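See below for the structure under consideration.
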Amino acid sequence: MTKEEIKQELRRRLRDNYALELEDAGPVELFYSLGELVKAVSNEKWQKTWKNYLTEEQKQVYYFSIEFLPGKLLKSNLLNLGILEEVRQTLADTGIDIEELAAVEKDMALGNGGLGRLASCFMDSIASCGLPGNGNGIRYDYGLFKQRFMDGYQVELPDEWLKRGNVWEIRREGKACDVHLFGNVYMKRLANGKLQPVGENQTTVRAVPYDTGMIGYQNGIVNTMRLWSVEIPASEEAKYQNLTQRRTIEDLTAVLYPDDSQERGRLVRLAQEYFFVSAGIQSIIRYYKKLNLPWHSFSEKIAIHINDTHPAMCVPELMRVLMDENGLNWEFAWDITVKALSYTNHTIMAEALEKWPIHLMKQVVPRIYQIIEEIDRRYVLSMQGIHPEDLIQRTRLLQNDQVYMAHLAIIGSHSTNGVAKIHSDLLKAVVLHDFYTIYPERFNNKTNGITERRWMQLANEPLSKVMDKWIGTSWRKNPKNLKLLLNFQDNEEVLKQLRQAKLVKKAELADYIWETTGIEVATDAIFDVQIKRLHAYKRQLMNLLHILRLYFQIKDHPEIDLTPRVFIFGAKAAPSYSYAKSIIKVINETAHMINTDSTLQGKIKVIFLPNYNVSLAEKIIPAADVSEQISLASKEASGTSNMKLMLNGAITVATLDGANVEIKDAVGNENIYIFGLTEKEVYNYYENQDYSSQKIYEEDKELQRILDAFIDGTIPNVEFEGREIYDSLLKFNDEYFLLRDFRDYVQAQERIDLDYKNWALWQKKSLANIANAGAFSADETVKAYAEDIWQIEPIFAHTEKEGTTNG
Ligand code: OX2
């Protein structure tokens, strides 16, 4: 599209929809008009894409995820359509800043953290690699809560993201389907002698899909992310005349559960899981039937991915639809199911490995429970005589009156993968070792990745321009080419320009900090960033211990030569996770104490930015100098902010956990600060049970002073929270070994302080991080999934720019 065409289209939409001239429109009208325009451009490609999949009978993957975290889509869509610059210019010509209207869009925050964001990076990469793939999830009326701080406490407010409507979605009523919950199921013998399950007293709800186009990067491909919303079916209206009854149904897709890595034993949650699984499987089957192929070809055309265990009921649901609704026998249906399904595990934290009480399953999804029971029975039978009895018992689906969802996902699929090398190894060696002995061929690793399009091209334009200037623009299409930057390691001009680009983003963030908190920060200070969910294992608290150490150092020796540092936090705590909320409170109170103490001469500042989300991440990450990845080794499955920060030139201070291990291998020891216990050492402590935090405390005077600050009034207003934290570290023996890693962490921080003083040395390390970040492109990750797990192939796409066909 030319600038003139864009302008005309915008004018027409503003007139038709709002009775406004371009010059008179405000950011809201402009955003919605531009959104409509973008949709018109992409819909044509969308239609072609799905038609093409259908006529070519392309094998497609369906990525089932209870969370998607796309953030804002306007600029991303413009970039991927290849018209971002044209639109920016057109608007600028009329005196409009594109950023102003982009800010109108609400973040689509239908996820908690890494798991949901990964799903959205994958959607972008799958489309950008020309792979036939669809998302399947839930359209929550309310996204993840909005976080505010009051008196230093986290307060949760509802996220009304749909208030002004969602310009990107298309409601497809014609594709709605019914989902049955509750009631009883009994088996009826049919005339032909077959048994047929019959449901009675069931609750039937309508699942209505809302589709959003997932636009590939300048390749003419638009895939579908389908999110389901619940409604009362017309046939059931009479039953739900009273408002309270209606609410119980409508609540099904009302809110995203704001827990991260924690199991919640709620009935609605179980119903949510079944709801989007059943609707998704039904719509896949409907599509497959259009192809008119025999059932045994199913897995040649369809791959279904289970993103963590939340969609694990895909296993019994696909069995149900194949058997109950299409008359297949068990063996045949089972063969199809295992071949079509695959599963990703995202955590080894015991509390996050989903288990559902049997009584609840019987109540909410009675037919599904019957099938699960039968899978369990047949599993045990098939293993007897091959494997020892205790192994069989440990790997069953049904244990201790619960259904083990991970066992269901592993037994019912052909592939189980972890999300970073160390994590996948731990699955094989420890967490899922029993299953590894039974199905070694099912286990594999797929290290997570991120999309450079959002996390560099969009989030960091100054850096992107430096790249273009020195290594050309090929990295934009092929992030691996960021490696070319290594040719300029010793080029002082390049180093200077990289530094300048960082400064621009630091200044922008400093402005944002000033606007939101009223605190001034200096851009020549080290911007030290820890952004992720608040969790004990992620050890934000250890970061705070280090801050307190600096605080005491400056208090004792005001003349000390420290490189000024701004510690920046962004983190939400699950509303029910009171320990995490206490840590937020204590960080906020410490921040207040430090930021208002003029005797510190601004040497350290602590900023906790409220409401960390995708959009805020886009502001913080490009401005970061130091990336805090300090989880206890073995606990963080992968992490993905580590990759985003590295891509933007931050240098990582890290434990050997999750993808940090691979980041270290990619950049080399001299370009990362590694510290702390290894995963083996952590397991040794577990085995020998010989850890004593009390002992470390007693032997370390400085640490004593730091910990005492939590309870002796040094940190103000934390009487309860300070005590809770103090006790967790001493009385309850420091579950995540903060005290054990503290000294090593401090040393790493001292090296950072020193190295930063030599700007060229620092910038060279930073360059090595940017250059090697291409290894963590989600494009590469999804290509590996496509080849090894899903067996899907890229389609021949029409490239707009060249008007040619490429593979
Ligand atoms: C997260 C993991 O905690 C994180 O390490 C990983 O990078 C991310 O998933 C994407 O794989 N809920 N969130 C996660 O796991 C679960 C469960």
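A Cβ-based charge dipole, computed about the Cα centre of segment 489-766 with Lys and Arg at +1 and Asp and Glu at -1, lands at about 620 debye.
Taking amide hydrogens as placed 1.01 Å from N in the peptide plane, the amide H of Arg565 sits under 5 Å from those of Ile526, Ile604, Lys605, each at least 5 positions away in sequence or on another chain. Any of Lys301/Lys362; Lys680/Lys731; Lys480/Lys572; Lys51/Lys446; Lys572/Lys695; Lys477/Lys644 with alpha carbons more than 28 Å apart? Name them for me. Cα-Cα > 28 Å for Lys301/Lys362; Lys480/Lys572; Lys51/Lys446; Lys572/Lys695; rest within. Using DSSP H assignments, which helices in the chain have an axial alpha-carbon span of 30 Å or above and a mean Kyte-Doolittle hydropathy of 1.0 or higher? Taking the DSSP H segments of the chain (at least 30 Å long, mean hydropathy at least 1.0), we get none. Cα gyration tensor of segment 520-616, axes a ≥ b ≥ c as square roots of the eigenvalues: rounded (a/c below 1.5), prolate (a/b > b/c) or oblate? Prolate. Rounded to the nearest whole Hz, the Karplus-based 3J(HN,Hα) values (6.51 cos²θ - 1.76 cosθ + 1.60, θ = phi - 60°) of segment 303-317 follow the sequence 10, 10, 10, 9, 7, 6, 7, 3, x, 5, 5, 4, 5, x, 6, with x at glycine and proline. Computed over neighbours whose Cβ is under 10 Å from that of Arg743, the net charge equals -3, Lys and Arg +1, Asp and Glu -1. Rg and Dmax of segment 38-189, based on Cα coordinates, read 19.6, 74 Å. Counting 0.36 nm for each residue step from Gln399 to Gln262 and taking away their Cα separation leaves a gain of 47.4 nm. Average projection, convex hull of the Cα set of segment 489-766: 14.2 square nanometres. In the chain, helical runs assigned H by DSSP with n ≥ 4 each contribute -39500 (n - 2.57); averaged across all residues and rounded to the nearest 500, the mean residue ellipticity at 222 nm is -14000 deg cm²/dmol. By the count of other C-beta atoms within 10 Å, a proxy for reagent exposure, Ser615, Ser627, Ser578, Ser766 are ordered fewest to most as Ser578, Ser615, Ser766, Ser627.
How would segment 656-725 be classified by its alpha-carbon gyration tensor: rounded, prolate or oblate, with rounded meaning a/c under 1.5 and the a/b versus b/c comparison settling the rest? Cα axes put segment 656-725 in the prolate bin.
Here the relative contact order of segment 455-575, from alpha carbon pairs under 8 Å that lie six or more residues apart, stands at 23 percent. If contacts are Cα pairs under 8 angstrom and at least 6 residues apart, what is the relative contact order of the chain in percent? 14 percent.
Legend: distances between Cα atoms for Lys45/Lys506; Lys7/Lys72; Lys239/Lys290; pairs beyond 29 Å are Lys45/Lys506; Lys239/Lys290. Each listed q (0.11, 0.15, 0.17, 0.19 Å⁻¹) maps to a log10 I(q)/I(0) for segment 106-225, found by the Debye formula over equal Cα scatterers with no solvent: -0.62, -0.89, -1.00, -1.10. For segment 33-58 versus segment 175-190, the inter-centroid distance based on Cα atoms is 35 Å. Would you give the gap between the C-alpha center of segment 781-795 and the C-alpha center of segment 466-497, rounded to a whole Å? If you average the Cα positions of each part, the centres end up 29 Å apart. The simple spin-label model puts a point 7 Å past each Cα toward its Cβ; for Asn491 and Glu559 those points are separated by 4.5 nm. With contacts taken as Cα pairs under 8 Å and at least 6 residues apart, segment 359-405 reaches a relative contact order of 31 percent. Any idea what the alpha-carbon Rg over 2.2 N^0.38 Å comes to for the chain? After normalising by residue count via 2.2 N^0.38 Å, the value is 0.97.
Neighbour counting of Cβ atoms within 10 Å sorts the residues Leu20, Leu432, Leu322, fewest neighbours leading, into Leu20, Leu322, Leu432.
Exposed loop GluC sites (Glu not before Pro) only (DSSP loop, at most 12 other Cβ atoms within 10 Å): please give the longest stretch of the chain free of them, not including the sites.
Free of exposed loop sites, the longest segment is 161-519.
Going by neighbour counts of Cβ atoms within 10 Å, the residues Asp490, Asp511 line up, fewest first, as Asp490, Asp511.
Taking the DSSP beta bridges with both ends in the chain, the antiparallel portion is around 45 percent. The aspartates and glutamates within cross-link reach of Lys188, meaning a Cα-to-Cα straight distance under 16 Å and a gap of 8 or more places when in the same chain, are Glu200, Asp324, Glu325.
In the chain, a dipole from Cβ-located charges (positive for Lys and Arg, negative for Asp and Glu) runs towards its positive end, and of Ser627, Ala637, Ala709 it is Ala637 whose Cα lies farthest in that direction.
Which pairs break 26 Å Cα to Cα here: Lys555/Lys701; Lys163/Lys465; Lys483/Lys664; Lys39/Lys106; Lys505/Lys765? Long pairs (Cα-Cα over 26 Å): Lys163/Lys465.
Only the coordinates and a few stated rules stand behind these numbers; no lab work does. Predicted model, so just to flag it, every value in this text is computed and none were measured. Cβ atoms come from the backbone with ideal geometry, glycine included; neighbour counts cover every protein chain shown.
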